[in-house]
Amino acid sequence: MLSKSQARLFFLGGTVLFSLLFLFLTVDTVRQVPDQTKQNELTDAAKRGKHIWDENNCMGCHTILGEGAYYAPELTKAYERRGEEWLKVFLKDPQAMYPGRRKMVQYNFEEGEIEDVIAFLKWIGNMDLNGFPAEPTIETQTASIVARDAGEPAIDNQPPKFKTLCVACHSLGGSGGVVGPALDGVGNRYDAAYLEKWLSDPQKLKPGTAMPKLPLTQDEIQELIEFLTELK
């Protein structure tokens, strides 16, 4: 058993030791913050986007970096999941993308404000968060790649809108989103006339579908139709 003087010395020594350890870990953590948060990539646009995020209380519905509400999707990796083009379209008019379904408020952001919010989400998504948020453990299934003849288009020969919008939800050749069905062999399932109606107004063709009405010009629709009908 320790004497009173030994106990006092043990207590004081332990307090000093763990206080120094705490200070060291604090200094080391603060020292790593600029690198892990990619501070050198924090642009003026990202800063403005953070102000817009706060002013509109986005955390009242969304979580980011693990903090916020749980009513709407977690957005730490939103830029990585959806891409810049998709986010621009969605932030401009959420209801147009998902008529009658999305609860996202229409904030009537100007183009510059949308770009600032996206810059903020991009900066957040590039942070070194030690694996957060974790990848889903549930395996997803995608359609197998269909063999193509030499005369058929390569999977990489994709229209610009397909690369920036369609792949956010659909996969092709095993890569892309998993929200919508895989598009391998879609040309065997639907003809050009059906695809034109579908791309022009999915809700009109199939009310309640999860497919949003994308802001596509007629030329962009035709470009997508030509590409999709050749995927056989």
A correct Kirkwood calculation over the Cα atoms of the range 39-125 returns a hydrodynamic radius in Å of 13.1 Å
The answer for Glu74, listing residues at least 5 apart or on another chain whose modeled amide H is closer than 5 Å to its amide H, is Thr63
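Find the eigenvalues of the gyration tensor of the Cα atoms of the range 160-229, then list the square roots of 5 times those eigenvalues as equivalent ellipsoid semi-axes, largest first, in whole angstrom.
On the way: eigenvalues 55, 40, 33 Å².
Working from the Cα gyration tensor, I get semi-axes of 17, 14, 13 Å.
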Work out from phi, with θ = phi - 60° and the Karplus expression 6.51 cos²θ - 1.76 cosθ + 1.60, the ³J(HN,Hα) of each residue of the range 173-190, listed in order in whole Hz, and give x for Gly and Pro. x, x, 10, x, x, 10, 6, x, x, 5, 9, 4, x, 4, x, 7, 9, 9
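What is the chain by shape, rounded, prolate or oblate, if you read a ≥ b ≥ c off the alpha carbon gyration tensor as root eigenvalues and call it rounded for a/c under 1.5, prolate for a/b larger than b/c, and oblate otherwise?
Working: a/c = 3.00, a/b = 2.21, b/c = 1.36.
Taking the square roots of the gyration eigenvalues as a ≥ b ≥ c, the chain is prolate.
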Amide H neighbours of Ser171 at under 5 Å, excluding residues fewer than 5 places away on the same chain, with H built from the backbone geometry, are Gly177, Ala182, Leu183
Which length gain, in nm to one decimal place, applies between Ala134 and Glu74 when the Cα-Cα distance is subtracted from 0.36 nm times their residue separation? 20.4 nm
The exposure ranking of Ser175, Ser200, fewest beta-carbon neighbours within 10 Å first, is Ser175, Ser200
Full extension from Met59 to Gln39: what is 0.36 nm times the residue separation minus their Cα-Cα distance, to one decimal in nm? 5.0 nm
Neighbour-count ranking for Lys4, Lys92 (other C-beta within 10 angstrom, fewest to most) reads Lys4, Lys92
Net charge over other residues, Cβ less than 12 angstrom from the Cβ of Glu55 (K, R count +1; D, E count -1): -1
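With 10 angstrom as the radius, rank Lys204, Lys213 by how many other C-beta atoms surround their C-beta, starting from the fewest.
By the 10 Å Cβ count, ascending: Lys204, Lys213.
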Starting from the Cα of Asn157, move 7 Å in the Cα-to-Cβ direction to define the label point; list residues of the range 189-232 whose amide nitrogen is under 11 Å from there. 227, 230-231
Quick calc: nm separation of the 7 Å Cα→Cβ label points for Gln95 and Ser5 -> 8.2 nm
Lys47: which lysines have alpha carbons under 19 Å from its alpha carbon, excluding same-chain residues fewer than 8 sequence positions away? Lys38, Lys77, Lys88, Lys122
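No value in this document is a laboratory result; all are computed from the given coordinates. Keep in mind it's a predicted model, so treat the numbers as computed, not measured. Reconstructed Cβ throughout: ideal geometry from the backbone, glycine too, with neighbour counts over all protein chains shown.
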